[in-house]
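Undergrad: Let me begin by handing over the structure; questions about it come next.
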Amino acid sequence: MNAADRSKKQRRLRLGVGFTILTLVVSACGTGGAQDSLSPASERARNIDGLFTITLVIAAVVFVLVQGAIIYTAIKFRRKKGEEPKPVKQIHGNTKLEIAWTIAPALILAGLAVPTVQTIFENAEEPVNAVEITVTGHQWWWEYEYTDLGVVTANEMHIPVGQDIALTLTADAGDVIHSFWVPRLSGKRDVVPGHVNTLTISADEPGLFLGQCAEFCGLSHANMRLRVYAHEPAEFDAWVQSQLAAAAVPADTDDSLRAEGWELFINKGCSACHGINGTEAEGGGLNPGPNLTHFGQRDTFAGALFDSNTENLSAWLANPSEMKSMEPDLNRGMPNLGLSDEEIAALVAFLQGLE
Ligand code: CUA
């Protein structure tokens with residue numbers, strides 16, 4: 001073996017080892033995370049996880065049998081050291097084998113169809129005594145309307161534990177297809193413009209469950225995240241009450257930084273896109289952007305992408321498209337309003353005060 005061959009071989013070996021390590025590292029990312037379908041936190045998510053386990057076990061058995069046969073054959077019929085290569089015996093067709101490897105997968109798939117169809121029917125069961133929420137997918141954020149409770153919010157959904165949440169999923173005509181997915185709480189379901197889909201989610205335990213748009217929907221598909229906060233029922237009722245309270249908008253006589261921000265909110269045209277219920281910025285529900293009535297209560301903004309701290313909000317108001325890829329010229333996302341630092345400081349103070 002010459003030096004060039006040796007270095008080529010070494011490079012290949014290094015690449016192989018590198019890929020193996022990378023695979024192990026990447027596969028470790030999945031366990032225990034807040035967006036992990038393998039740690040279900042609801043009955044429907046458990047049904048799906050159970051189906052996954054059955055499929056995985058069957059696939060593992062098939063894998064071991066097939067790979068075992070390949071390895072066994074490769075070793076058993078290997079050319080021995082010093083042995084001359086034998087002429088290869090030509091085989092044309094083997095009816096018995098061909099029938100066997102056609103029937104075996106067909107039987108496996110037919111067998112798998114039973115629990116699969118069963119799971120589909122179980123998960124499609126009508127929700128009982130449910131909280132109704134209409135979910136609208138937008139490029140690139142989520143709108144939630146609690147139809148019976150009169151609450152409208154964005155990206156962060158709050159639900160009571162142990163109760164079915166009946167989601168009605170849709171998108172505006174002219175928008176694109178999204179997919180609503182909170183892996184620990186249920187399966188995923190497409191959100192189609194001008195069409196209504198339904199999905200039931202629930203949570204067994206209080207906590208924060210992360211989700212993600214699961215259908216490619218343009219530039220900021222990866223930035224279209226969502227959060228579900230599950231609360232004990234009393235805590236959920238308190239949240240609903242806080243959402244129904246009047247917006248904390250400064251009075252006309254107020255001369256604070258917040259009051260200055262409120263004035264800018266109206267004069268700079270923010271209120272053309274963002275509604276604040278019960279105020280002159282209400283907009284009659286026609287606002288294309290997220291409703292901000294109780295924005296100060298939210299942990300995140302911009303498709304649940306950023307923590308709502310002063311630094312992020314200031315950077316966002318200075319140039320939204322630099323924080324998150326959007327196309328404001330095409331009515332997708334927030335435009336750059338060319339605000340000064342003083343105006344930004346006032347608007348941030350106003351937004352954070354919307355408790
Ligand atoms: Cu919305 Cu991807």
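Undergrad: Have a look at Glu263, Glu232 and point out the one that is open to solvent by 80 Å² or more (accessible area, probe 1.4 Å) and more than 27 Å from the chain's Cα centre (by Cα).
TA: Only one candidate qualifies: Glu263.
Undergrad: Now for a different question. Determine whether the range 70-92 contains at least one residue that is within 20 Å of the chain's Cα centre (by Cα) and either in contact (Cβ under 8 Å) with a residue 60 or more places away in the chain or over 30 Å from Ser321 (Cα atoms) (or both).
TA: No - not one qualifying residue is present in the range 70-92.
Undergrad: Name the residue, out of Ala259, Ala234, Ala248, Ala272, that is more than 16 Å from the ligand (Cβ to nearest atom) and touching a Gly at 6+ places or on another chain (Cβ under 7 Å).
TA: Only one candidate passes the filter, namely Ala248.
Undergrad: In the range 196-214, which residues are in a loop (DSSP other than H, G, I, E, B) and either surrounded by fewer than 16 Cβ atoms within 10 Å (Cβ to Cβ) or away from the ligand (no atom under 16 Å from the Cβ) (or both)?
TA: Val196, Ser202, Ala203, Asp204, Glu205, Pro206
Undergrad: Next up: Go through the range 182-195 and give me each residue that's surrounded by 21 or more Cβ atoms within 10 Å (Cβ to Cβ) and within 12 Å of the ligand (Cβ to nearest atom).
TA: Val191
Undergrad: Here is a further query. Would you mind telling me which numbered condition in (1) within 16 Å of the ligand (Cβ to nearest atom); (2) of a type in the set (Ser, Thr, Tyr); (3) in a helix (DSSP H, G or I) Thr136 fails?
TA: The one condition Thr136 does not meet is (3).
Undergrad: Is it true that Gly174 is exposed (fewer than 14 other Cβ atoms within 10 Å of the Cβ), in contact (Cβ under 8 Å) with a residue 12 or more places away in the chain and within 16 Å of the ligand (Cβ to nearest atom)?
TA: yes
Undergrad: Just for strands (runs of 3 or more DSSP E) wholly inside the range 141-191: which have at least 2 residues that are within 16 Å of Arg227 (Cα to Cα)?
TA: Correct list: 141-146, 151-154, 156-160, 165-171, 178-180.
Undergrad: Still on this structure: Looking at the range 147-163, which of the residues that are crowded, with 20+ Cβ neighbours inside 10 Å and closer than 14 Å to Ile201 by Cβ is nearest to the chain's Cα centre (by Cα)?
TA: So, considering only residues that are crowded, with 20+ Cβ neighbours inside 10 Å and closer than 14 Å to Ile201 by Cβ, the one nearest to the chain's Cα centre (by Cα) is Met157.
Undergrad: For Pro127, which of the numbered conditions (1) open to solvent by 50 Å² or more (accessible area, probe 1.4 Å); (2) in a loop (DSSP other than H, G, I, E, B); (3) away from the ligand (no atom under 15 Å from the Cβ) fails to hold?
TA: With (1) open to solvent by 50 Å² or more (accessible area, probe 1.4 Å); (2) in a loop (DSSP other than H, G, I, E, B); (3) away from the ligand (no atom under 15 Å from the Cβ) applied to Pro127, the lone miss is (1).
Undergrad: Another question about this same structure. Inside the range 325-349, can you point out the residues that are farther than 14 Å from Cys273 by Cβ, within 30 Å of the chain's Cα centre (by Cα) and crowded, with 20+ Cβ neighbours inside 10 Å?
TA: Val348, the sole residue that qualifies.
The values are calculated or read from the model by the stated rules, or taken from the named source; none is laboratory data. Please read these numbers as outputs of a predicted model, since none were measured by experiment. Cβ coordinates were reconstructed from backbone atoms using ideal geometry, including for glycine residues, and neighbour counts include every protein chain displayed. For the accessible areas, the whole protein counts, side chains as well, though only heavy atoms, and no ligand, DNA or RNA atoms are used. Shrake-Rupley method; radii C 1.70, N 1.55, O 1.52, S 1.80 Å.
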